Each structure stands twice: as structure tokens, then as C-alpha cells.
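Participant: Supplied in C-alpha cells, the structure appears directly below.
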Amino acid sequence: MPNKTKGAERREKMRDSLFPGEEPWLGAKEVGWFRAPRTLPLILGLIDSKQLSGRLRPSPVYLELWARDMGEGFIEIKDEQEHAYGSGYSGSRALRTWQERMRTLEKLGFIKIKQVQNRIYGCVLLVHPAAVIEGLLKDGKINKTWVDTYTVRQIETKELTLEERRKSREAAAKVIPLKDRRAAQKK
């Protein structure tokens, strides 16, 4: 087992003291879990806000998509009914309700959709939330209080801003492998 931080040791001690004999969720040590930004609860609230989605609540659909992602930001939709049910919709209008929420998420920029064969929702790309937030902010669709709250949470969780993420990717792209540098020096 890797070394634990002092904070992790303290939280584990508190957990075991306050909840003796209980089965805690251990995340990375479990099977069947997914990675998501720690800002996801704020993002889900934003998605459901009246200013973005009116009376609709597309966040269950968005969360279900995140739960299907295997780390590539890409989901292949093979059975829309299954996704509708996984999002909490059942009955005769389940599929229509799910499709309506998918269109809302696409319109807001949270997802991109590609048709595959006869399936309108054949493949889905989860757009990086920071990129979506930046776009919504530029369009004046998010209020300052929400943005400030989101920014503070990003800092607390050490989540990169979109600008920091882009700079990091650019820096990584500029790295020249050692063997290529040696070959260039010989010329």
C-alpha cells in the first residue's frame, strides 16, 4: 500500500472512530467506479439552472454519461433505452425525455454527438467542463457568483483552469525525446 498523507491518515482515523464497523466507499480501491472532476456537483447544478436549461433537468443524463466514460471522454451509445433508464427515465416517454436532455446538453456545449448508422446518438464526446464553462461565460450565460464559487473550488482541488491545461499540453508537445536530440546533435 502506498504511503498515506497525514491528511488521509487523519480522515481514516476519524472515519473509523465515528463509523466503526461500517463499509466505507474507497473509490480507487474499488471496481466499477469512474473518475470525475471534483467540481462536478457545481457543474450539475449549473446544468440544471433555469438560466441554462429552463424547466428541464439534464444533469441525470450528464452524470450517467460520465459514469459510462472509461477515461477517454468518449461514450458509444449502443442502446438509448438503457441510457434513458440509467438516467432515471422509465415508461412510455423515457426515450423521448432522454433525447430531449441530450439535445439540451449538446446545445449548451457539454457534449458533442455523432450519428452512427441509424443511431442519431451513436457516439458522444464529453467536452472538458472548463472549456464549456469558458464558452458559457463568454456568452454571458453564467452569473459572477457561480463563476467565483467554481474558481475557488478549482483552486481548492488543484484542478487546472482551461488556460493552465492548454499551456501544460503545449509544453508536453514541445518535449523532444532524448534520442531525437542526440540524432539532431550528430548532424
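The values are calculated or read from the model by the stated rules, or taken from the named source; none is laboratory data. No experiment lies behind these values; they were computed from the predicted model shown. Glycine gets a Cβ as well: all are built from the backbone with ideal geometry, and neighbour counts include every protein chain shown.
Participant: Determine which member of the set GLY86, GLY21, GLY7, GLY109 is within 16 Å of the chain's Cα centre (by Cα) and of a type in the set (Gly, Ala, Ser). Outline the logic, then answer.
Facilitator: Values: GLY86 fails: within 16 Å of the chain's Cα centre (by Cα); GLY21 fails: within 16 Å of the chain's Cα centre (by Cα); GLY7 fails: within 16 Å of the chain's Cα centre (by Cα).
Going through GLY86, GLY21, GLY7, GLY109 in turn, just one is within 16 Å of the chain's Cα centre (by Cα) and of a type in the set (Gly, Ala, Ser): GLY109.
Participant: Right, another one. Which pairs have Cβ atoms under 6 Å, sit 6 or more apart or on different chains, and link a residue in the range 24-50 that is surrounded by fewer than 16 Cβ atoms within 10 Å (Cβ to Cβ) to one that is aliphatic (A, V, I, L, M)?
Facilitator: PHE34/ALA67
Participant: In this structure, does ALA130 turn out to be small (Gly, Ala, Ser) and closer than 25 Å to LEU42 by Cα?
Facilitator: Working: small (Gly, Ala, Ser): yes; closer than 25 Å to LEU42 by Cα: yes.
Here the answer is yes, as ALA130 does meet what is asked.
Participant: Is it the case that LEU160 is surrounded by 11 or more Cβ atoms within 10 Å (Cβ to Cβ), at pLDDT below 90 and either over 23 Å from ARG68 (Cα atoms) or out of contact with any Gly (no Cβ under 6 Å at 6 or more places or on another chain) (or both)?
Facilitator: yes
Participant: For the range 2-23, state whether one or more residues are under 28 Å from PRO58 (Cβ atoms) and either part of a helix (DSSP H, G or I) or free of Cβ contacts under 8 Å to residues at least 60 places away in the same chain (or both).
Facilitator: no
Participant: A further question on this structure: When the range 114-126 is examined, which residues are found to be modelled with pLDDT of 95 or more and β-branched (Val, Ile, Thr)?
Facilitator: VAL124
Participant: Identify the residue in the range 35-60 that is closer than 19 Å to ALA130 by Cα and among the hydrophobic types (A, V, I, L, M, F, W, C) and, among all such residues, is modelled with the lowest pLDDT.
Facilitator: That would be ALA36.
Participant: Please verify whether GLU134 is closer than 22 Å to LEU65 by Cα, acidic (Asp, Glu) and assigned to a helix (DSSP H, G or I), treating the condition exactly as stated.
Facilitator: For GLU134, the condition - closer than 22 Å to LEU65 by Cα, acidic (Asp, Glu) and assigned to a helix (DSSP H, G or I) - is met.
Participant: Then there's this: Quick check on GLY140: is it of a type in the set (Gly, Ala, Ser), within 28 Å of ARG165 (Cβ to Cβ) and assigned to a loop (DSSP other than H, G, I, E, B)?
Facilitator: Here the answer is yes, as GLY140 does meet what is asked.
Participant: Name the residue that is farthest from ILE47 (Cα to Cα), counting only residues in the range 61-96 that are loosely packed, with under 14 Cβ neighbours inside 10 Å and basic (Lys, Arg).
Facilitator: Looking at residues that are loosely packed, with under 14 Cβ neighbours inside 10 Å and basic (Lys, Arg), I get LYS78.
Participant: Okay, next question. Quick one: would you say ASP139 is surrounded by fewer than 16 Cβ atoms within 10 Å (Cβ to Cβ) and over 20 Å from the mean Cα position of the chain (by Cα)?
Facilitator: Against the criterion (surrounded by fewer than 16 Cβ atoms within 10 Å (Cβ to Cβ) and over 20 Å from the mean Cα position of the chain (by Cα)), ASP139 qualifies.
Participant: Could you list, in sequence order, the residues of the range 50-87 that are of a type in the set (Asp, Glu), in a helix (DSSP H, G or I) and under 17 Å from LYS112 (Cα atoms)?
Facilitator: GLU64, GLU80
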